[in-house]
Amino acid sequence: MPARSAGSDPAPSRRAGSDPVPAGGAAATSAVRGYVVALDVGGTAMKGGLVGAEGEILLTDRRPTPRDEGPLRVIEAIRAFVADLARAGHGTPSGVGVAVPGLVTEDRAVYSANIGWKDVPAADFSPLDVPVRLGHDVRTGGLAESVLGAGRGERDFLFLPIGTGIAGALVMSGTPYGGSAGCGGEIGHVPVFPGGERCACGQIGCLETYASAASVARRYAERLSRAASTRPPGLPRRTGDLYAGPPAQSDLPHAGAHEDFHSPALGLRSPGPVEGRAFSPAPGLRPPGSLEGHAPLPEPSQDVITSLGSSPYVGEIASARVPATAEDVVHLAMRGDPAASAVWDDALEALSYALATYTLLLDPSMIVLGGGLAEAGPALFDPLAERLQSRLTFRAAPPLRRAALGMNAGMLGAALLGWQAAGVPDPGTTWALDVLRSPSVP
């Protein structure tokens with residue numbers, strides 16, 4: 001697709017509710033001395049904004065990514081989004097920064113299996129006659145965390161957002177490292193369990209297969225389905241029974257006993273120690289503390305679990321979602337649901353193996369965890385730190401730190417790319433951190 005100059009596209013139509021929303025009102029926009037358009041493109045949604053020369057977030061907006069309509073339609077949607085954002089600003093933007101998934105260089109989107117495009121020049125993502133710079137979505141978030149967030153002042157760290165998938169930004173000597181062909185940071189496809197499940201990428205036992213938010217939810221549903229399909233007729237249904245099913249009222253933990261109810265997931269404290277409790281691991285896995293010789297669970301059935309109704313702890317969730325989310329699984333694990341605890345334990349084991357390998361190879365000063373799963377807070381950070389240290393016998397584990405920029409990381413990173421495209425050296429290093437208190441992308 002050849003690059004087109006500004007004005008060659010017809011003005012994109014504006015649907016109700018699609019106009020960008022000024023973060024600081026009209027006065028903020030009119031006071032702009034210079035700004036860039038920043039866009040973070042994901043497989044589901046695009047998060048965009050205008051960011052001023054001092055780092056102030058002047059405007060934010062969010063739109064769906066029309067991935068199901070094909071790669072050309074996605075590119076058209078990006079161009080329209082950039083044009084609408086620029087029109088909402090004051091004057092011509094100094095540059096455009098766009099973070100996209102897949103294999104990326106600063107001037108070309110080489111390939112994205114998620115969206116389907118191949119070899120798209122950076123200029124094709126913008127209808128404006130201003131410089132454009134592309135960045136890999138995760139590395140761009142890592143850039144923002146390095147310059148503005150949890151990695152500020154650190155030269156070497158790993159930024160690991162855990163969401164629908166898992167990829168990492170290897171920040172080395174202050175710069176996100178992409179490798180020889182832009183493939184660096186694919187820590188989600190590091191094999192952690194060689195005899196484990198097949199990953200969607202075709203490999204066996206990848207980290208992403210066990211520890212991404214999507215996989216945590218999927219594996220919990222499969223575990224319930226597997227247990228329900230092998231439950232002998234007439235077997236009593238009990239709390240803690242992996243056959244699940246609605247428990248008898250007398251079997252449920254009563255309201256006054258929550259303080260003493262312990263999660264069976266290893267490393268989780270909710271709130272007391274749980275050593276000695278064992279559960280059946282997934283086939284091929286033997287987490288520490290599991291029973292040697294324990295019979296493996298049956299292979300998953302073809303049935304699909306579509307609700308939380310078969311968990312005896314479903315009442316612990318205020319509003320049961322269909323199907324269960326990773327957030328639900330963590331909640332249920334902390335309340336003692338055995339199936340959820342087993343799935344969460346596998347995720348923690350997988351993460352600890354991958355992070356131990358990374359630590360031994362590259363010796364990061366810290367590991368920054370982001371994405372939706374980082375919202376689990378102590379349920380993730382405490383047991384993961386404990387397990388990571390247990391795998392590093394002769395050295396201290398790097399500290400785990402929560403990402404600071406949240407949902408704004410990709411968009412702020414794209415803004416840094418936009419200012420780089422405009423020729424500004426080391427953008428962001430002089431920005432006051434109070435600008436980061438600007439409203440998040442809606």
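Bear in mind that the values in this text are calculations on the coordinates, not laboratory data. Computed from a predicted model, the values in this text were never measured in an experiment. Don't worry about glycine lacking a Cβ; one is built from the backbone with ideal geometry, like all the others, and counts go over all protein chains shown.
Please label the shape of the stretch 60-126 as rounded, prolate or oblate, based on the square roots a ≥ b ≥ c of the eigenvalues of the alpha-carbon gyration tensor (a/c under 1.5 means rounded; beyond that, a/b larger than b/c means prolate, else oblate).
Verdict is oblate for the stretch 60-126.
Using the average count of surrounding beta-carbon atoms within 10 Å as a protection proxy, the listed peptides 196-205, 375-384 rank, highest first, as 375-384, 196-205. In a reduced charge model with +1 at each Lys and Arg Cβ and -1 at each Asp and Glu Cβ, the stretch 330-400 shows a dipole moment near 180 debye about its Cα centre. What whole-number distance in Å separates the alpha-carbon centres of the stretch 106-160 and the stretch 163-192? Their Cα centres are 12 Å away from one another.
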